[in-house]
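Accompanying notes for the structure given below.
The values are calculated or read from the model by the stated rules, or taken from the named source; none is laboratory data. Keep in mind that what you see is a predicted model, and the values were worked out from it rather than measured. Virtual Cβ from ideal backbone geometry, glycine too; neighbours counted across all protein chains shown.
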Amino acid sequence: MGYTIAQKIIKAHLLSGEMTVGSEIGLRIDQTLTQDATGTMAYLEFEAMGVDRVKTERSVAYIDHNTLQSGFENADDHRFIQSIAKKHGIYFSRPGNGICHQVHLERFGAPGKTLIGSDSHTPTCGGIGMLSFGAGGLDVAVAMGGGAYYIEMPKMVRINLTGKLSPWVAAKDIILEVLRIMSVKGGVGKIIEYGGEGVKTLSVPERATITNMGAELGATTSIFPSDEVTYAFLKAQGRAECYVEVKPDADAQYDEVIEIDLSKLAPMAAMPHSPDNVKTVEEIGKIKVDQVCIGSCTNSSLMDMLKVAAILKGRTVCESVSLSIAPGSKQVLDMLARNGALADIIAAGARILESACGPCIGMGQSPNSAGVSLRTFNRNFEGRSGTADAQVYLVSPEVAVASALTGYLTDPRELGDAPVINMPDEFLVNDNMIALPSEVEMASDVEILRGPNIKEFPNSTTLPQDISAKAVLKVGDNITTDHIMPAGSKILPYRSNIPHLSQYCFAVCDTQFAERCKKEGSGIVIGGSNYGQGSSREHAALVPLYLGVKAVVVKSFARIHCANLINAGIIPLTFKDEADYEKIEQGDSLALYNIRDCIENDKPIVLKNETKGIEIALNSDFSQRQKDIILAGGLLNYTRENS
């Protein structure tokens, strides 16, 4: 039996385990990336490991999330990350150089290699045939130190693309169709692999849009083959030497196959408040639009921006619409400026933002109260925009621009002939905003610069024999990391300050959560299915750890968050019978007796609800390594003990 693309790369990087679905495997990691909202904590963890120099082929630290410097906190974090990078052998992408995934695709990603990043949209580089995973910062720190990255061997799903996209239909519509079919939890435990004749019709930026938003499926990652289209992109970036062909064997076997005829797709939108709440623009109808935001790691490539400029040329944005545009990288912005496209965008009345994440993570450009905002982003979770009652729709750049011009949600096919955009034979390459690390012999002279907002990693202790605590919170299905640890301009500057950050934990669900935890001193969180979907932010585990949360008991977990809980030393458990979720109320006194012995020796785990006098059977499907991490009180303790 032949191998899929992902299986080939896994096989070439396998350090431990067997490629049997559901079993734990350890992978050698070639490259890592961080961004500044998660990077500060990742580098504090790397420091705590005591490793002098990164051991990967390439590690890059990006500044792209916390670029709104309304106080000293973000600037201090940037300075800290830059000094860490200089000292420990990490490339540093300076503020203004662009969004991590866009820049990494342009300048560092390589087919057939492995990449993990402390951002859930790291699978973007699957667009060039790179096996790329979003991960918690501690997992990234371990990989930088030369350690393996562990996942459960996923199932393989092939999405077979046939036909060709019609004019005005975009790559964004492909991934929205996949989300409509599979849902936000349909990709859990799976790698999504794209194939078929339709793949050849898609450029690398279009492929990257699709793999980027594959994170919203809950998938382990997504990947395209590396072919002549990939080679043309790398050659245009001056990186032809990075090219290798990566394709599946003719007799590769997949666990699931989904057929999509590209010619039958229409412009679509994900309606509030979930990326899988998808309908065609025509089905939704002509709703009034207040704001349009174009950019993010999903749709900020040169191709996207040239489309936007071509549609806007000679037109004016509707007076009732605020249109903001953020090119994804300095390279994109520079090329737009040189070929005149930027002038067309400005002349139409768009507001130009810096090359950064910006509105996607609530860092500025919040819409008006109850406003309708169309965004070319990847998430539309409630409140993520910074406006609690905003109605956010996820759309393609084509739909976004058409709607900005008319003032209502508009099918771009109404605008007439679609512009034809050709990718350049050569991109403008200027890496002057990427600071190189020091030479090894000079590293000892580099001073690490720390600001007062940078606090230490929260302490964890070895797992006790018994846990007795109240159910400090009970939540429903599809709780996101934005619910657990919100983003936004008021909160993100404190990502390196866990004590301060703790006051915002679960505030979207319950404003009294943090105070209740502090009063109780410990707690257990109860949740529904797909708990922890969304971002890779390990703060959604570290802050509950700081607040005394000992265990999380839910119907099911999102992959990255479950791993982050284990890494933090919080026990992730699931109901053996999901109906038992109804047998626990917030405030109930709960107990996990002999929990250490149960985990250590694979004994059945029972949660006792002392308030109601009942016992509830739980699942615990941990690998030996995961058990050892939980027993040690987290990955940092485990790494210290085994180094």
Checked the stretch 472-511 for anything polar (S, T, N, Q), surrounded by fewer than 22 Cβ atoms within 10 Å (Cβ to Cβ) and under 16 Å from Tyr546 (Cα atoms); matches are Asn497, Gln503
Of all residues in the stretch 222-239 being within 14 Å of Gly112 (Cα to Cα) and not β-branched (Val, Ile, Thr), which is surrounded by the fewest Cβ atoms within 10 Å (Cβ to Cβ)?
Asp227
Quick test of your reading of the structure: Glu259 fulfils all but one of (1) charged (D, E, K, R); (2) in a strand (DSSP E or B); (3) crowded, with 19+ Cβ neighbours inside 10 Å. Name the failing condition by number.
(3)
Could you tell me which of the residues Asn432, Asn422 is modelled with pLDDT of 95 or more and either surrounded by fewer than 17 Cβ atoms within 10 Å (Cβ to Cβ) or charged (D, E, K, R) (or both)?
Asn432
Odd one out for Lys576 among (1) in contact with a Phe, Trp or Tyr (Cβ under 6 Å, 6 or more places away or on another chain); (2) surrounded by fewer than 21 Cβ atoms within 10 Å (Cβ to Cβ)
(1)
Within the bounds of the stretch 606-613, is there any residue that is small (Gly, Ala, Ser), over 27 Å from the mean Cα position of the chain (by Cα) and over 23 Å from Leu545 (Cβ atoms)?
yes
Checking the structure you have, find out if any residue of the stretch 417-439 is of a type in the set (Phe, Trp, Tyr) and either assigned to a loop (DSSP other than H, G, I, E, B) or closer than 21 Å to Thr124 by Cα (or both).
yes
Val246 being under 21 Å from Lys155 (Cα atoms) and β-branched (Val, Ile, Thr)
yes
Among the residues of the stretch 341-366, which ones are more than 22 Å from Asn212 (Cβ to Cβ) and at pLDDT below 95?
Ser366
With the requirement that a residue be among the acidic types (Asp, Glu) and touching a residue at least 12 places away in the same chain (Cβ under 8 Å), what does the stretch 586-620 give you?
Asp588, Asp597, Glu600, Glu610
Lone unmet requirement of (1) at pLDDT 95 or above; (2) crowded, with 24+ Cβ neighbours inside 10 Å; (3) assigned to a loop (DSSP other than H, G, I, E, B) for Thr32
(3)
Does Leu302 satisfy the condition of being closer than 27 Å to His104 by Cα, modelled with pLDDT of 95 or more, assigned by TED's automatic domain parsing to the domain that holds Gly386 and surrounded by fewer than 24 Cβ atoms within 10 Å (Cβ to Cβ)?
no
Condition first: in a strand (DSSP E or B), in contact with a Leu (Cβ under 8 Å, 6 or more places away or on another chain) and crowded, with 24+ Cβ neighbours inside 10 Å. Now tell me which residues in the stretch 157-189 satisfy that.
Leu161
Can you find, within the stretch 441-470, the residue that is surrounded by the fewest Cβ atoms within 10 Å (Cβ to Cβ) among those that are closer than 23 Å to Leu545 by Cα and of a type in the set (Ser, Thr, Tyr)?
Thr461
Asp52 - would you say it is out of contact with any helix residue (DSSP H, G or I) (no Cβ under 6 Å at 6 or more places or on another chain), over 22 Å from Ile192 (Cβ atoms), buried (at least 18 other Cβ atoms within 10 Å of the Cβ) and not hydrophobic (A, V, I, L, M, F, W, C)?
no
Residues Val472, Val508, Val525: which one is of a type in the set (Val, Ile, Thr), closer than 29 Å to Gly362 by Cα and outside any strand (DSSP E or B)?
Val508
Take the stretch 356-405 and flag every residue that is farther than 14 Å from Lys172 by Cα, in contact with a helix residue (DSSP H, G or I) (Cβ under 6 Å, 6 or more places away or on another chain) and assigned to a strand (DSSP E or B).
none
In the stretch 311-339, what count of residues is obtained for those that are in a helix (DSSP H, G or I) and within 31 Å of the chain's Cα centre (by Cα)?
10
Flagged in the stretch 534-580 as in a strand (DSSP E or B), within 29 Å of Asn378 (Cα to Cα) and not hydrophobic (A, V, I, L, M, F, W, C), in numbering order, are Pro572, Thr574
Identify, by number, the condition in (1) in contact (Cβ under 8 Å) with a residue 40 or more places away in the chain; (2) surrounded by fewer than 24 Cβ atoms within 10 Å (Cβ to Cβ) that Lys11 doesn't meet.
(1)
Given (1) modelled with pLDDT of 95 or more; (2) surrounded by 16 or more Cβ atoms within 10 Å (Cβ to Cβ), number of the condition Ser535 does not satisfy:
(1)
Filter result (touching a strand residue (DSSP E or B) at 6+ places or on another chain (Cβ under 8 Å) and not in a helix (DSSP H, G or I)) within the stretch 478-505
Asn478, Ile479, Thr480
Of all the helices (runs of 4 or more DSSP H) wholly in the stretch 35-135, which have at least 2 residues that are aromatic (Phe, Trp, Tyr), more than 17 Å from the chain's Cα centre (by Cα) and farther than 20 Å from Asn299 by Cβ?
36-49, 72-88
Among the candidates Asp597, Asp621, Asp628, which residue alone is in a helix (DSSP H, G or I), in the same structural domain as Pro499 (by TED's automatic domain parsing), out of contact with any Lys or Arg (no Cβ under 9 Å at 6 or more places or on another chain) and among the charged types (D, E, K, R)?
Asp628
